[in-house]
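This report concerns only the one structure given below.
The values are calculated or read from the model by the stated rules, or taken from the named source; none is laboratory data. From a predicted model like this one, the values you see are computed outputs, not experimental measurements. Positions of Cβ are generated from backbone atoms using ideal geometry, with glycine treated the same way; all protein chains shown enter the neighbour counts. Protein only, heavy atoms only, side chains kept; ligands, DNA and RNA dropped before computing areas. Shrake-Rupley method; radii C 1.70, N 1.55, O 1.52, S 1.80 Å.
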Amino acid sequence: MTKLWDFSGGVHPAERKELSTARAIQPAGIPGQLVLPLQQHIGEPADPVVAVGDTVLKGQKIADVSHGMGVPVHAPTSGVIESIGNHPVPHPSGMADKCIVMKPDGKDEWCERYPLSDYRKLDRDQVLDTIHSAGISGMGGAGFPTYIKLKPRQNRKIDTLILNGAECEPYITADDMTMRERADEVIAGLKVMAWLLRPERCVIGIEDNKPEAAAALREAIQGTKIEIAVIPTKYPSGGEKQLIQILTGMEVPSGGIPADIGVMCQNIGTAVAVSRAIFEGTPLIERIVTLTGEALQKPGNFDVLLGTPVDYLLAQAGLEKDRVSRLVLGGPMMGYTLTTTAVPIIKTSNCIIAATSSELPAPPPEQACIRCGQCAEVCPMELLPQQLFWHAKAAEFEKAEHLNLFDCIECGACSYVCPSSIPLVQYYRYAKGEIRIQRAEQLKANRARERFEARQERLEREQLDKELRRKERAKAAAEAQAKKKAEAERVAASGGAVDERAAGSALVEQALARKKASSEAAKAQVAVSAGAASEKPDVEALEKQLGQAQSKLDTMQTMLEDAKAQQADNIEKLERAVTKNHDRVKRAEEALADARKTPATRTESQSIE
């Protein structure tokens, strides 16, 4: 028998799960319109790869993530893309986001699928790519992309793989019914994930209020080493950190993740999605959703296409509009009230509660805290909810963060027991949001400062380089001027005249004469090359050509040095001339070397005749 531990705090709210477990899972059907948000998970939103008016098939990729962390979105059925734009999405803010809206054609035609007949013969990265391409993200929490979670860092060996079947929140029974009716798919998906991670232990945690699910899974794990751990019913035992503590006795460190202690948790629905992606080639295009509450005539669990509007689902469950008082997306502890039924079902949607006024009455007005301490007693993370509330209300966010605000899992246990009806979780969410905004602004400011400092450093460096070059030019000019003055004094001492203009003119005439000689020598070389191969090359002419070319190169280099010293305008032109003469000297040297190696075949042939 699996050894179990306990976690601090917790509450026992009314379960109300019997409302939705009386019937088997029902198909919800195809609505008249599907709305598919481009961001249904943590990470980067997907980008559309279709255009308005395109016809798509069921399972076809309609949006993909080209960079960053994310997964693609697929068409839940065949149809036509109606529009791409903002639309209300499931979020506590009630804001709109970019969505692809498609109109089903009723044919439900599949695109081509590529199941993996034997994934064990493939490389792990190929299987992970299949999971990524199927658009699978966590279906029980915030929607973390599954392919990333199944590929931990090399320094994080996963020893224990936990499948979370606790489903501790009241009303929700989607995982319960999935385990009852689709246990084989659950185990098949778990085996794939275990093959990828190679853990020493695989365990499925189920609360003891789900005996039918536990029995179905026990039958499905026959012949395997997978454990079924039935745990006591207590909210929030289905929280990732709490379930890990129950099943392993280990605690996830503050600010850490389960992989830090060698543990990984996956959801029941995620396991089914992985199984279908591998063995059927089916992407994540549908999920099980619990429709419950006393305002529904036919509550139960439905197999729902992603993108299905909430109002369509409520109609399928027989909503009594005159009785409904409040619509909640999610559970009564961690869910939020819907302001419109136009929002669609997404990958993380697991429950819709249509509650009457007596079932979920409006909370009474908030009153002053009486410091009873009940919130601290039930906190599963062993935080100080009272102090966190004060700091959040006073906008003392640094103090709240110092008290490990971000360890709060927002389970709502503190709000549930508060006699003053203080919505504590709302204050914590507000504080977290403000801290994230401040961090983003600080990061933006830091990057701007770094860019400014880098620019200033570059400008200073350029200024120093410019000053250094100026000093070097001034030093060279001074040296050249001193040399010229010394030369003038020497000439004057010997009785000669100092005429710089005449000297420059003489240099130009010499350069022209050398150029003419070089041209004639080049013509002679061409004539020699064009002659018969048996003729002996004129070595003397080539030696003379080499000497002339070397002399011209020396002259050009001297003129270049003088121009640099005087900071003349023709420095670049002289540099090109020096380079050109370098090439000429090299060619002359190669021609002379070849001539010296060529035997005098013509002379020998003449002597034989």
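Annotations
- Inspection of the range 48-55 finds no residue satisfying the criterion of being open to solvent by 40 Å² or more (accessible area, probe 1.4 Å) and modelled with pLDDT under 95.
- Test result for G143, within 27 Å of G330 (Cα to Cα) and open to solvent by 10 Å² or more (accessible area, probe 1.4 Å): no
- Selection count where residues are open to solvent by less than 10 Å² (accessible area, probe 1.4 Å), of a type in the set (A, V, I, L, M, F, W, C) and either at pLDDT below 95 or not in a helix (DSSP H, G or I) (or both), scope the range 173-207: 3
- Within the range 89-118, tally of residues that are of a type in the set (A, V, I, L, M, F, W, C), open to solvent by less than 50 Å² (accessible area, probe 1.4 Å) and touching a strand residue (DSSP E or B) at 6+ places or on another chain (Cβ under 9 Å): 6
- Restricted to the range 464-493, and to residues there that are of a type in the set (G, A, S) and in contact (Cβ under 8 Å) with a residue 60 or more places away in the chain, the residue that is surrounded by the fewest Cβ atoms within 10 Å (Cβ to Cβ) is A477.
- If you go through the range 119-140 and pick out every residue that is of a type in the set (S, T, N, Q) and surrounded by fewer than 18 Cβ atoms within 10 Å (Cβ to Cβ), you end up with 1.
- Contact annotation: residue pairs with Cβ atoms under 7 Å, 6 or more positions apart or on different chains, pairing a residue in the range 378-402 that is on the phi < 0 side of the Ramachandran plot with a partner that is charged (D, E, K, R) and open to solvent by 70 Å² or more (accessible area, probe 1.4 Å), are Q386/R371; H391/K399.
- Residue check for V324: of a type outside the set (S, T, Y), under 30 Å from L424 (Cβ atoms), within 30 Å of the chain's Cα centre (by Cα) and open to solvent by less than 50 Å² (accessible area, probe 1.4 Å): no
- Filtered by the rule that a residue be under 18 Å from I346 (Cα atoms) and buried (at least 22 other Cβ atoms within 10 Å of the Cβ), the range 63-88 gives A63, G70, V71, V73, H74, A75, P76, T77.
- Looking across the range 407-449, just one residue is assigned to a loop (DSSP other than H, G, I, E, B) and open to solvent by 60 Å² or more (accessible area, probe 1.4 Å), and that is P419.
- Test set (1) within 34 Å of the chain's Cα centre (by Cα); (2) open to solvent by 100 Å² or more (accessible area, probe 1.4 Å) - R461 fails condition number: (1)
- Which listed residue is modelled with pLDDT of 70 or more, hydroxyl-bearing (S, T, Y) and over 30 Å from R470 (Cα atoms), from S605, S529, S534, S519: S519
- The range 86-138: number of residues that are among the acidic types (D, E), more than 24 Å from T55 (Cβ to Cβ) and in contact (Cβ under 8 Å) with a residue 40 or more places away in the chain: 1
- Every residue from the range 208-245 that is modelled with pLDDT under 95 and β-branched (V, I, T): T224
- Residues located in the range 294-312, provided they are under 20 Å from P92 (Cα atoms) and open to solvent by less than 60 Å² (accessible area, probe 1.4 Å): L306, G307, T308, P309, V310
- Residues in the range 327-356 that are more than 29 Å from the chain's Cα centre (by Cα) and assigned to a loop (DSSP other than H, G, I, E, B): G331, P332, M333, L338, T339, T340, T341, A342, T356.
- Answer residue from the range 544-582, given it is among the basic types (K, R) and surrounded by fewer than 17 Cβ atoms within 10 Å (Cβ to Cβ) and is nearest to K484 (Cα to Cα) among those: K573
- Of all residues in the range 372-406, exactly one satisfies the criterion of being touching a Pro at 6+ places or on another chain (Cβ under 7 Å) and surrounded by fewer than 16 Cβ atoms within 10 Å (Cβ to Cβ), namely C372.
- Single residue of the range 336-352 satisfying the filter (farther than 24 Å from P76 by Cα and touching a residue at least 24 places away in the same chain (Cβ under 8 Å)) that is surrounded by the most Cβ atoms within 10 Å (Cβ to Cβ): Y336
- Of the residues making up the range 146-155, those that are exposed (fewer than 15 other Cβ atoms within 10 Å of the Cβ) and in a helix (DSSP H, G or I) number 0.
- Taking the numbered list (1) in contact with a Pro (Cβ under 7 Å, 6 or more places away or on another chain); (2) open to solvent by 10 Å² or more (accessible area, probe 1.4 Å); (3) modelled with pLDDT of 95 or more in turn, L161 passes all entries but (2).
- Residue among Q426, Q442, Q438 that is more than 26 Å from the chain's Cα centre (by Cα) and farther than 30 Å from G32 by Cα: Q426
- Selection status of A355, farther than 29 Å from I246 by Cα and open to solvent by less than 20 Å² (accessible area, probe 1.4 Å): yes
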